[in-house]
Amino acid sequence: MKTLKFKLYEHKRNRYLKRTINAAGVIYNHCIALHRRYCRMWGKHLNCAKLQSHIAKLRKRNPFWQTVGSQSAQDICQRIEKAYQLFFKHNKKGVRPPGFKKVKKYKSFTLKQAGYKFLGGNRVKIGNRVYQFWKSREIEGTIKTLTIKRTPLGELFMVIVVDEGGKSEVEIKTGKIAGFDFGLKTFLTCSDGTQIESPQFFKQSLNAIKIASRQHSKKLKGSSNRERARKNLVRKYEDISNRRRDWFWKLAHELTDRFDVLCFETLSLKGMQRLWGRKISDLAFGEFIQILEWVAKKKNKLVVFIDQWYPSSKTCSRCGQVLESIHLSIREWRCPSCQSVNGRDENASKVIEMVGASTIGLGDVRQSETAIAV
């Protein structure tokens, strides 16, 4: 599966799509209310098939709801069902059930087999109206779903999920393997000795964010000046997100071009965020891993994760000696067995490389040896 994103041209007819998104938000909130009422009465959540049947009957009596296609309304019920299944599965881990959403902030609706048609070029027919979009690339493969998304700025994007067919397999091209250790001061430390510093885009733009937020809070609520200030603040955040994502894509392509197998340690990012807060959000390691996995799959490369409880920082990469404990402030330590001096991050990356290599059956990779995949 591949996801393609295109921006729709600004046009006055876009108000019909925004009206459809608002109607989808009303249907979503109505489904949440039915779920809560059913749960209070019977002690369990509403069946998805029954909910879809009930919403189909209500759509026939409500012209505003009919702006949302039947398959889009079914998709809303299915997403609520998935959210409740996730809630019941991880109830003890702090996962909350789905709640109400403001209709003005509701983001999207999804079309599946029907409701849209591509007319060639950069035109698409959604419902009874034709819209134009910025066609930055060709659409290849079988289209599975088409989603119209609304940003906080009010811009509309078209997100298409395409099935390209075929499954990629791991293909060794360079014969190189590397381990990577994620850190706060250094974004990634590679087992070959290179270090990758994070630009920390949010930290760079923090003063601009503060000024824009201060200007927004000073404006009168409900005024056009406040809306203008809100859009200015949203643009600041979107600029940070876009720059960070662009850097992630470039870094993912660079690493997958250098190595065939990339080993990482599984991290508890939520726990780290509770300890270090905004800096973990600015580094956005979880988003980078998602992008890296997609690029690696496309290039037939392999991303390996080792257990987060493996003592990578306390294990000597030369002899395998494991320390009883090591404080976070200690950045360099001497092995009591082989007397080698190990940098904390560099040593951890080498240990992650060895454990990752043994996980996929490449054997025990030591510091002085080169990984050879057969």
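The values are calculated or read from the model by the stated rules, or taken from the named source; none is laboratory data. These numbers were taken from a predicted model, which means no experiment stands behind them. FYI the Cβ positions are ideal-geometry reconstructions off the backbone, even for glycines, and counts take in every protein chain you see. These area figures cover heavy atoms from the full protein model, side chains too; ligands, DNA and RNA do not enter into them. Shrake-Rupley method; radii C 1.70, N 1.55, O 1.52, S 1.80 Å.
Quick check on this structure: which one of THR266, THR186 is under 23 Å from the mean Cα position of the chain (by Cα), open to solvent by 40 Å² or more (accessible area, probe 1.4 Å), hydroxyl-bearing (Ser, Thr, Tyr) and closer than 30 Å to ASN300 by Cβ?
Testing whether each residue is under 23 Å from the mean Cα position of the chain (by Cα), open to solvent by 40 Å² or more (accessible area, probe 1.4 Å), hydroxyl-bearing (Ser, Thr, Tyr) and closer than 30 Å to ASN300 by Cβ leaves just THR266.
Taking the conditions exactly as written (more than 16 Å from THR110 (Cβ to Cβ) and under 26 Å from the mean Cα position of the chain (by Cα)), does TYR28 satisfy them or not?
When the stated conditions are applied, TYR28 does not pass them.
If you take the residues of segment 328-344 that are of a type outside the set (Gly, Ala, Ser) and outside any loop (DSSP other than H, G, I, E, B), which of them is nearest to PRO199 (Cα to Cα)?
So, considering only residues that are of a type outside the set (Gly, Ala, Ser) and outside any loop (DSSP other than H, G, I, E, B), the one nearest to PRO199 (Cα to Cα) is ARG344.
Any chance segment 292-301 includes a residue that's in contact with a Lys or Arg (Cβ under 7 Å, 6 or more places away or on another chain) and modelled with pLDDT of 80 or more?
no
Yes/no per residue for (1) under 17 Å from ASP192 (Cβ atoms); (2) touching a helix residue (DSSP H, G or I) at 6+ places or on another chain (Cβ under 6 Å):
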residue: ARG244; (1), (2): no, yes
residue: ARG258; (1), (2): yes, no
residue: SER268; (1), (2): no, no
residue: VAL295; (1), (2): no, yes
residue: ASN300; (1), (2): no, no
residue: ILE306; (1), (2): no, yes
residue: LEU323; (1), (2): no, no
residue: VAL355; (1), (2): yes, no
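Has segment 208-220 got at least one residue that is on the phi > 0 side of the Ramachandran plot, open to solvent by less than 60 Å² (accessible area, probe 1.4 Å) and either in contact (Cβ under 8 Å) with a residue 40 or more places away in the chain or among the hydrophobic types (A, V, I, L, M, F, W, C) (or both)?
Let us first name the residues in segment 208-220 that are on the phi > 0 side of the Ramachandran plot, namely none.
Within segment 208-220, none of the residues are on the phi > 0 side of the Ramachandran plot, open to solvent by less than 60 Å² (accessible area, probe 1.4 Å) and either in contact (Cβ under 8 Å) with a residue 40 or more places away in the chain or among the hydrophobic types (A, V, I, L, M, F, W, C) (or both).
Quick one: is GLU238 surrounded by 13 or more Cβ atoms within 10 Å (Cβ to Cβ), within 28 Å of VAL355 (Cβ to Cβ) and touching a residue at least 60 places away in the same chain (Cβ under 8 Å)?
Criteria not met by GLU238.
Only residues in segment 326-352 that are in contact (Cβ under 8 Å) with a residue 12 or more places away in the chain and more than 26 Å from PHE305 (Cα to Cα) count as the first member; pair them with residues that are outside any strand (DSSP E or B) and open to solvent by less than 50 Å² (accessible area, probe 1.4 Å), Cβ under 7 angstrom, at least 6 apart or cross-chain, and list the lot.
Sorted first by the residue in segment 326-352, then by its partner, the pairs are SER337/CYS316; CYS338/CYS316; SER340/CYS316.
Taking interchain pairs and intrachain pairs at least six residues apart, which have beta carbon atoms under 7 angstrom, with the first residue in segment 127-149 and over 18 Å from GLU10 (Cβ atoms) and the second assigned to a loop (DSSP other than H, G, I, E, B) and not β-branched (Val, Ile, Thr)?
GLY127/GLY115; GLU140/GLU164; GLY141/GLU164; GLY141/GLY165; THR145/LYS112
Testing LYS135 on (1) open to solvent by 50 Å² or more (accessible area, probe 1.4 Å); (2) closer than 30 Å to TYR28 by Cβ, one condition comes back false. Which one is that?
For LYS135, the exception is condition (2).
Quick one: is TYR116 open to solvent by 60 Å² or more (accessible area, probe 1.4 Å), in contact (Cβ under 8 Å) with a residue 12 or more places away in the chain and not β-branched (Val, Ile, Thr)?
Working: open to solvent by 60 Å² or more (accessible area, probe 1.4 Å): no; in contact (Cβ under 8 Å) with a residue 12 or more places away in the chain: yes; not β-branched (Val, Ile, Thr): yes.
Criteria not met by TYR116.
Determine which single condition GLU332 fails, assuming it passes every other condition in (1) out of contact with any Gly (no Cβ under 9 Å at 6 or more places or on another chain); (2) surrounded by fewer than 13 Cβ atoms within 10 Å (Cβ to Cβ).
(1)
Condition check ((1) of a type in the set (S, T, N, Q); (2) in contact with a strand residue (DSSP E or B) (Cβ under 9 Å, 6 or more places away or on another chain); (3) modelled with pLDDT of 90 or more) across all residues:
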residue	(1), (2), (3)
TYR9	no, yes, yes
ALA49	no, no, yes
SER72	yes, yes, yes
LYS101	no, no, yes
LYS107	no, yes, yes
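Could you go through segment 146-160 and let me know if any residue there is of a type in the set (A, V, I, L, M, F, W, C), more than 30 Å from LYS301 (Cα to Cα), touching a helix residue (DSSP H, G or I) at 6+ places or on another chain (Cβ under 8 Å) and surrounded by fewer than 16 Cβ atoms within 10 Å (Cβ to Cβ).
Within segment 146-160, the subset of a type in the set (A, V, I, L, M, F, W, C) is 146, 148, 153, 156-160.
This time we only want the ones that are more than 30 Å from LYS301 (Cα to Cα), so: 148, 153, 156-157.
Filter once more, keeping what is touching a helix residue (DSSP H, G or I) at 6+ places or on another chain (Cβ under 8 Å): 148, 153, 156.
Those left that are additionally surrounded by fewer than 16 Cβ atoms within 10 Å (Cβ to Cβ): 153.
Among the residues of segment 146-160, at least one is of a type in the set (A, V, I, L, M, F, W, C), more than 30 Å from LYS301 (Cα to Cα), touching a helix residue (DSSP H, G or I) at 6+ places or on another chain (Cβ under 8 Å) and surrounded by fewer than 16 Cβ atoms within 10 Å (Cβ to Cβ), which makes the answer yes.
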